[in-house]
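S.K.: For reference, the structure I am asking about is given below.
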Amino acid sequence: VQLQASGGGLVQAGGSLRLSCAASGIIVSSYIMAWYRQGPGKQRELVASVISGGRTNYADSVKGRFTISVDNAKNTVYLQMNSLEPEDTGVYYCNAVASWGRQYDYWGQGTQVTVSS
């Protein structure tokens, strides 16, 4: 199983980025797909998640600014990030979780997002 995250970079405050998580070895529509982030000196935190059927969940700090979506044809999950703030700086990780008798939990390698003020 591979979750290949991409799309990070350096952006000014107020700008936008779109992260992609291309999955292989799993079918994303069968998993709870999520984006986490870890800022400098901070613990990893949940940013957004989506389950089959399209129900989404967002951290309060990103509601109204970030959108998680899934392209089943491409087996890829996206995180559209608008109105970025310096506090959004961190490494963003893609995650896939499912429970079928046992827990399946996969992580991507992370992509760096840096927002300058």
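The values are calculated or read from the model by the stated rules, or taken from the named source; none is laboratory data. A quick note: this is a predicted structure, and the numbers were derived from the prediction, not measured. Because the Cβ atoms are built from the backbone with ideal geometry, glycine has one as well, and the counts that use them run over all protein chains shown. For the accessible areas, the whole protein counts, side chains as well, though only heavy atoms, and no ligand, DNA or RNA atoms are used. Shrake-Rupley method; radii C 1.70, N 1.55, O 1.52, S 1.80 Å.
S.K.: Output the number of the condition that residue 59 fails; it satisfies all remaining conditions of (1) among the hydrophobic types (A, V, I, L, M, F, W, C); (2) out of contact with any helix residue (DSSP H, G or I) (no Cβ under 7 Å at 6 or more places or on another chain); (3) touching a residue at least 40 places away in the same chain (Cβ under 8 Å).
M.R.: For residue 59, the failing item is (3).
S.K.: Being more than 18 Å from residue 16 (Cα to Cα) and among the aliphatic types (A, V, I, L, M): is that true of residue 98 here? Please lay out each step first, then the result.
M.R.: On the way: more than 18 Å from residue 16 (Cα to Cα): yes; among the aliphatic types (A, V, I, L, M): yes.
Spelling it out, residue 98 is indeed more than 18 Å from residue 16 (Cα to Cα) and among the aliphatic types (A, V, I, L, M).
S.K.: For region 84-112, which residues satisfy the criterion of being open to solvent by 30 Å² or more (accessible area, probe 1.4 Å), part of a loop (DSSP other than H, G, I, E, B) and under 21 Å from residue 4 (Cα atoms)?
M.R.: Of everything in region 84-112, just one residue is open to solvent by 30 Å² or more (accessible area, probe 1.4 Å), part of a loop (DSSP other than H, G, I, E, B) and under 21 Å from residue 4 (Cα atoms), namely 109.
S.K.: Then there's this: Residue under question is residue 115, and the condition is that it be buried (at least 19 other Cβ atoms within 10 Å of the Cβ), modelled with pLDDT of 95 or more and of a type in the set (Val, Ile, Thr); does it hold?
M.R.: yes
S.K.: Another question, then. Report, by residue number, each residue of region 1-57 that is charged (D, E, K, R) and outside any strand (DSSP E or B). Walk me through how you get there before you give the answer.
M.R.: Taking region 1-57 as the starting set, the residues that turn out to be charged (D, E, K, R) are 18, 37, 42, 44-45, 55.
Result: 42, 44, 55.
S.K.: Being at pLDDT 95 or above, within 10 Å of the chain's Cα centre (by Cα) and under 14 Å from residue 113 (Cβ atoms) narrows it down to one of 5, 13, so name that one.
M.R.: 5
S.K.: Let me ask something else. Every residue in region 33-83 that is over 18 Å from residue 112 (Cβ atoms), open to solvent by less than 60 Å² (accessible area, probe 1.4 Å) and of a type in the set (D, E, K, R), please.
M.R.: Result: 65, 71.
S.K.: Among residues belonging to region 58-83 that are among the aliphatic types (A, V, I, L, M) and part of a strand (DSSP E or B), point out the one that is nearest to residue 4 (Cα to Cα).
M.R.: Selected residue: 77.
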